[in-house]
1. Show me, for region 165-170, the HN-Hα J-couplings you get by feeding each phi into the Karplus relation (A = 6.51, B = -1.76, C = 1.60, θ = phi - 60°), rounded to Hz, glycine and proline as x.
2. Y12 accessible area, nearest 10 Å², 1.4 Å probe?
3. Could I have the simple spin-label model distance between R96 and T23, label points 7 Å from Cα toward Cβ, reported in nm to one decimal?
4. For labels at Y241 and K456 in the simple 7 Å Cα→Cβ model, what's the distance in nm?
5. What order, most packed first, do the peptides 24-35, 336-347, 321-332 have when packing is the mean number of other Cβ atoms within 10 Å of each residue?
6. What does the net charge come to around L170 if you take all other residues with beta carbon closer than 15 Å to its beta carbon, with K and R at +1 and D and E at -1?
7. Taking amide H positions as placed 1.01 Å from N in the peptide plane, with prolines and chain starts having none, which residues 5 or more places from H364, or on another chain, fall under 5 Å of its amide H?
8. On a full-extension model of 0.36 nm per residue, what is the gain between K11 and C492, subtracting their alpha-carbon distance, rounded to one decimal in nm?
Amino acid sequence: MSSAEVIPPQKYGHPPPILLTLTILPISLCLIVNPLLPLILHSIPSSNYSLANPDGQPSFPALQASIGFALLAFVGVVWLVPKVSEAFIQKGLRGRDLLKKGGRISGPWIPESLGLPCASWYLALMMLFIPFPFSHLFKSQSPSGPESFPQRELTLYLSSLLSLLTATLLGFIDDLFDIRWRHKLPIPIVAAVPTLLVYYSVGGVTSVVLPKGFSGWLDTLGLARWLDGSVVDLGPIYYLYLILLPTFTTNSINILAGINGVEVLQALIIALSVLINDLLYLPIWSPALLDLLGFENPQNGRVLDWAIGEVVDRHLMSCYFMLPLVGVCTGFLWHNWYPAKAFPGDTFCYFTGMAFSAVAIQGHFSKTLILFFLPQIFNFILSCPQLFGLVECPRHRLPFYDEKTNLLNPSLVVFESPPPLKTTIVLEILSFLRLVKLEYHRPPNSKNSTEKKYIKSSTNLTIINFLLVHFGPMREDRLCMLVGFVQVVGSCIAFAIRYKVGSWFYGGDRR
């Protein structure tokens, strides 16, 4: 931005909800302070200040505090974004909304890269939260310190924070320098190094369970020596998969973008899906409710009766990260929803994607996490012909905005000459599968009506354009809600695969 250019003063972000803020703040502070009261007032039993219930189920006071931090995350982001937006504008971190009237030419300036303050607020809260999971150790410690401090849990927590901090920094660098796709692919790997190293140091599992009958098939091939019953140890190959996981989770959210609210909404739904999955493992459910729903052994307060011991601790740690992330995503969606008053930038995608990968790696549920990315997997596969150069890939594959109707239409990639044979074959296959819509052009010198046509244009290969092809033109906010609905359906399918199909496919309870 030149020094002579002056940005006219204006209000950025949607107005924060004052009444909602005044309601949430006292609740969040009570939830945060309540677990600490036994430390302050030694004469008061800790069970009075926890989530314990009269049925004698385990209490999780840190989970109560985490809910308070989640509410605080929402309030903080809702108020922080408007406060810092003008500074981002003045530093040149701004852009125009291309899908609004005026678009690139005369549309209002929107602050970009506001995933940075969101991630910063989240990291600050997560650092303040560090004492809470270990607060019970401070109550009855000796003068020389706690007798047995859970170093393993603390190491997992801190390494995840370090990975998130690194991902935030690298994401902001991407926003500043607009790194090319082929260069940005390895960036998440750098951020994942602390998490992967700690995973290795605590004896991270590298074995996988084979489907029913698969071990017998390998035995007939003479590969039985690689098996331990129905389990095979992948060793370094499994770490290669874990290295690729953050690369996928960060970039897949980044690819499915372009309309107001869509990046934040998909991150929010995935975070809620991971959180719901975590809660299935915790013994916090009402026995009366479980008995009503027909679960076995409802007195244990568990949805999954076999979820005990370390598996509970792993998913509890995941809850600590996902609850504030839900608050951050909800708060930023307040400003990023149509019409958007703030753009997340690549920083937000790196930060949320790494958060998902970190909890999945440390919690040993990386395969389950991938299931929550079914729409992103579909979008990536559909985008591959453009990402790998078979079909021309414009810089922006946004839908086409019709100013007269205020509706979005599928955007097109136009071929000025007949495309190569390999491109034609790929597009014809995608058209046969009804994934794209093609337009054909007949050569102008043609006299024979049966002369072979060639492809003139194709819709861009994204799930957003795919939805517009099948559901027709629609407003931007409705399109975002449709993408969100697809994400919710994908999560429902993921739960069905994980806890129904998986049990049948592998046999027994899948842990």
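1. 5, 5, 4, 5, 4, 5
2. Its accessible surface works out to 20 Å², give or take rounding.
3. Distance between the two pseudo-spin positions: 4.0 nm.
4. Placing both labels 7 Å beyond Cα along the Cβ direction yields 4.8 nm.
5. Working: 24-35: 16.2, 336-347: 23.9, 321-332: 25.8.
Highest to lowest by the protection proxy: 321-332, 336-347, 24-35.
6. Details: positive: R180, K184; negative: D174, D175, D178, D346.
So the surrounding residues net to -2.
7. none
8. On the way: separation 481, 0.36 × 481 = 173.16 nm, distance 3.94 nm.
Gain on extension, K11 to C492, equals 169.2 nm.
The values are calculated or read from the model by the stated rules, or taken from the named source; none is laboratory data. Everything numeric here is computed off the predicted structure, so don't read it as measured data. Here Cβ is always computed from backbone atoms with ideal geometry, including for glycine, and neighbour counts include all displayed protein chains. When the accessible area is computed, the model is the full protein with side chains, heavy atoms only, and any ligands, DNA or RNA have been set aside. Shrake-Rupley method; radii C 1.70, N 1.55, O 1.52, S 1.80 Å.
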